[in-house]
1. Quick check: residue separation of residue 37 and residue 187 times 0.36 nm, minus the Cα distance between them. What number comes out in nm?
2. Taking a ≥ b ≥ c as the square roots of the eigenvalues of the Cα gyration tensor of segment 128-172, is the shape rounded (a/c under 1.5), prolate (a/b larger than b/c) or oblate?
3. If we count other beta carbons within 10 Å of each Cβ, what is the order of 575, 205, fewest first?
4. Just to compare against my own numbers: the Cα pair-distance distribution for segment 162-284, 5 Å bins, whole % per bin, please.
5. Kindly put 122, 23 in sequence by how many other C-beta atoms sit within 10 Å of each C-beta, fewest to most.
6. Post the alpha-carbon centroid distance, segment 508-524 to segment 115-157, in whole angstrom.
7. Can you give me the relative contact order of segment 465-541 as a percent, contacts being Cα pairs under 8 Å and 6 or more apart?
8. Using Cβ counts within 10 Å as a stand-in for footprinting exposure, how do 271, 349, 27 rank, fewest first?
């Protein structure tokens with residue numbers, strides 16, 4: 001017998017089975033790709049609206065500038081408002097006044113901290129928060145005061161080192177999402193001397209557990225001041241908190257002591273470091289760079305003077321005026337007596353705005369960040385220029401939600417890390433953190449907190465995300481209905497109620513200014529006839545603004561809906577006792593000031609009429625929060 005080889009015969013039908021498997025595989029890949037595209041479109045909508053809202057927030061800076069410029073001509077109430085916003089309390093808060101006077105009752109069953117704090121208190125705090133306990137105001141204030149003392153001793157830019165045996169973990173935005181912080185600690189361990197962390201800003205706002213995250217981070221800072229590093233983000237800003245939820249969270253949870261907590265919190269924000277440098281090679285900051293970023297200046301700047309990015313800086317003219325008065329031996333007068341001694345100079349303010357608000361883009365150069373309204377877009381050439389100038393190799397930043405929790409750009413020289421999963425909607429994005437070790441490439445760890453999404457299919461999750469995004473977009477559209485219809489009608493020469501897809505998309509972008517793929521989104525927003533013409537009024541058929549009073553004109557309703565967030569911030573600044581009440585007269589004064597700066601063309605008599613009708617108790621006061629709730633968008637049907 002000789003040695004030979006035999007060829008096994010293929011079973012019958014095997015070729016058909018392979019072809020069928022390949023067809024199914026290709027179909028599934030195509031199906032998954034289409035769902036991913038829909039998910040990316042939804043995230044683009046969320047992000048565009050988020051940035052547009054931030055742009056409105058930044059525009060309040062010019063509103064406050066307007067108030068300051070008219071300070072001398074303002075009435076007494078307006079001057080009180082300006083002083084309240086721009087001047088720090090000249091008397092240093094005494095810890096005895098704020099802490100010891102607040103007793104912790106025997107009935108309190110939340111975490112009880114013991115000062116000086118130890119790692120046991122960290123565990124105690126985390127376990128208490130897992131059980132949804134509220135930390136007593138006594139401890140919150142004590143932690144804030146102690147944290148401020150420690151932060152005041154820290155430099156603007158922290159310098160830390162790694163070792164082959166010791167990694168540093170960098171986390172991005174958490175935005176009040178406590179479950180994400182718990183998951184990070186579960187996967188990566190609690191901060192310690194052997195396990196240092198950098199948290200890169202935006203600890204608060206949007207999520208419902210901002211104070212819990214802040215307390216965990218500050219208590220850990222007090223226990224491990226050399227191993228936990230906190231960079232300031234653009235949301236560590238008391239005026240941002242008025243719009244994005246943290247102020248409301250504090251007042252809801254702490255009521256009587258909420259005002260005291262918010263006041264000391266303003267000071268704690270200002271003392272947070274603004275950047276961290278690892279191994280003299282990696283720069284970690286919240287937003288980004290500009291072509292004029294000066295790290296030497298950032299080391300020297302008086303960071304505590306940046307109360308809010310919305311508070312305007314000292315202009316060059318005012319700086320010259322101050323220098324002139326100093327040389328003549330004169331004091332400060334008028335506006336300068338109120339706030340100039342406590343403000344940054346304009347070029348210093350611009351430096352901080354850039355590092356807190358800027359975003360990287362693929363286009364070369366440095367140009368205004370029109371989406372957010374603050375900071376800049378910086379290209380790969382700007383990154384290389386700044387990194388080379390200061391002998392750095394890598395920029396790690398946060399500030400932008402990414403579908404995978406992180407993103408690498410600018411030829412590997414910029415990393416964005418974002419640690420809040422499900423940021424826009426359940427299942428919308430992963431969170432991530434980075435592990436940095438000496439002479440080794442960064443490691444990325446991704447995760448996603450899963451609750452209701454776990455048993456749901458990808459199709460169901462994408463439908464939910466997409467539906468939520470479309471609803472949000474329609475709400476923004478209805479607030480601009482008059483402007484949109486006017487623009488559509490300018491293209492509708494035959495008065496048919498229809499325009500071409502191109503005309504519709506052009507009109508949408510010119511009015512909404514959201515930089516969205518309108519042609520692709522048209523199927524979700526409007527009806528199209530058999531000839532491809534858009535019935536432009538169909539986008540408003542299933543949504544409307546709920547009017548508090550039927551007789552009120554639509555124009556004022558749309559205006560109030562559009563600017564409701566800005567008005568709410570101004571009101572919250574005025575409402576120092578957080579009672580939620582404002583007199584009819586105060587409402588009129590606030591509206592007139594707002595209208596003048598924003599160039600809103602609405603007759604005062606219409607506002608007077610609305611204010612009087614909203615005085616439901618006929619006692620001369622308006623519940624301003626209820627007033628704003630009245631102007632919300634109602635969806636008559638589910639989105640398409």
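Just so you know, all these numbers are worked out from the coordinates, no wet-lab data involved. These numbers were taken from a predicted model, which means no experiment stands behind them. Glycine also receives a Cβ, built like all others from the backbone with ideal geometry; neighbour counts cover every protein chain displayed.
1. Numbers: separation 150, 0.36 × 150 = 54.00 nm, distance 3.03 nm.
Answer, rounded to one decimal: 51.0 nm.
2. Details: a/c = 3.64, a/b = 1.50, b/c = 2.43.
Oblate, because a/c is 1.5 or more while a/b does not exceed b/c.
3. Working: 575 16, 205 24.
Exposure proxy ranking, most exposed first: 575, 205.
4. Over segment 162-284, the share of Cα pairs per 5 Å bin runs 2, 10, 21, 24, 18, 13, 7, 3, 1, 0 percent.
5. Starting with the residue having the fewest Cβ neighbours, the order is 23, 122.
6. Centre-to-centre distance over Cα atoms comes out at 46 Å.
7. On the way: 73 pairs, mean separation 25.1, N = 77.
RCO, segment 465-541: 33 percent.
8. Working: 271 17, 349 21, 27 10.
By the 10 Å Cβ count, ascending, the order reads 27, 271, 349.
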